[in-house]
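Okay, so here's the structure we're looking at.
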Amino acid sequence: MPRRKTSLKKKRQDEKRRQRNLKIKQRLKKTIKKFAGLIQAKNIPEAKTFLSQVYSQLDKAAKKRIIHPKTASRKKARLAHWLAKATQT
């Protein structure tokens, strides 16, 4: 248990940031799952419009360094690949 005031404050800040980051990550996972559901349901037009929202959330999370920027880029590429593959069939 920290004893100094600065240590206690740092602990409070860390917990607050952890909760904020967790909320953003959960929202991101939920939107990616929704996108995957649209593709599985063969709802291609709606998936195309929803892809921009997923991109936006990935970019915001990367900008805030909640996820690594290259991770965001990789996920965006994979989602686009899923969409392209679903569009072909």
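Please go through the stretch 59-89 and pick out each residue that is β-branched (Val, Ile, Thr) and in a helix (DSSP H, G or I). Lay out the reasoning, then the answer.
Restricting attention to the stretch 59-89, the residues satisfying the condition of being β-branched (Val, Ile, Thr) are 66-67, 71, 87, 89.
Within the stretch 59-89, Thr71, Thr87 meet the criteria.
Just a yes or no: is a residue in the stretch 42-51 without any contact (Cβ under 8 Å) to a residue 12 or more places away in the chain and not polar (S, T, N, Q)?
yes
So which of Ser56, Ser7 is in a helix (DSSP H, G or I), without any contact (Cβ under 8 Å) to a residue 60 or more places away in the chain, within 20 Å of the chain's Cα centre (by Cα) and surrounded by fewer than 13 Cβ atoms within 10 Å (Cβ to Cβ)?
Going through Ser56, Ser7 in turn, the sole match is Ser56.
What's the number of the only condition in (1) in contact with a Lys or Arg (Cβ under 8 Å, 6 or more places away or on another chain); (2) over 26 Å from Lys85 (Cα atoms); (3) not aliphatic (A, V, I, L, M) that Arg4 fails to meet?
Unmet condition: (1).
Kindly check whether there is at least one residue in the stretch 4-12 that is small (Gly, Ala, Ser) and in contact with a Leu (Cβ under 9 Å, 6 or more places away or on another chain).
As a first pass, look at the stretch 4-12 and keep what is small (Gly, Ala, Ser): 7.
If we keep only those that are in contact with a Leu (Cβ under 9 Å, 6 or more places away or on another chain) as well, we get none.
Within the stretch 4-12, not a single residue is small (Gly, Ala, Ser) and in contact with a Leu (Cβ under 9 Å, 6 or more places away or on another chain).
Among the residues of the stretch 31-53, write down those that are modelled with pLDDT of 95 or more, loosely packed, with under 11 Cβ neighbours inside 10 Å and among the basic types (Lys, Arg).
Matches in the stretch 31-53: Lys33 only.
Among what's in the stretch 68-82 and is of a type in the set (A, V, I, L, M) and either free of Cβ contacts under 8 Å to residues at least 24 places away in the same chain or surrounded by 18 or more Cβ atoms within 10 Å (Cβ to Cβ) (or both), pick the residue that is farthest from Phe35 (Cα to Cα). Spell out the reasoning first.
Let us first name the residues in the stretch 68-82 that are of a type in the set (A, V, I, L, M), namely 72, 77, 79-80.
After this cut, where a residue has to be either free of Cβ contacts under 8 Å to residues at least 24 places away in the same chain or surrounded by 18 or more Cβ atoms within 10 Å (Cβ to Cβ) (or both) as well, the list is 72, 77, 79.
Details: Ala72: 15, Ala77: 14, Leu79: 8 Å.
Top of the filtered list is Ala72.
So which residues in the stretch 24-53 are part of a helix (DSSP H, G or I) and among the small types (Gly, Ala, Ser), if there are any at all?
Across the stretch 24-53, the qualifying residues are Ala36, Gly37, Ala47, Ser52.
The values are calculated or read from the model by the stated rules, or taken from the named source; none is laboratory data. These numbers come from a predicted model, not from an experiment. Counting neighbours? That spans all protein chains shown, and the Cβs are built from the backbone with ideal geometry, glycine included.
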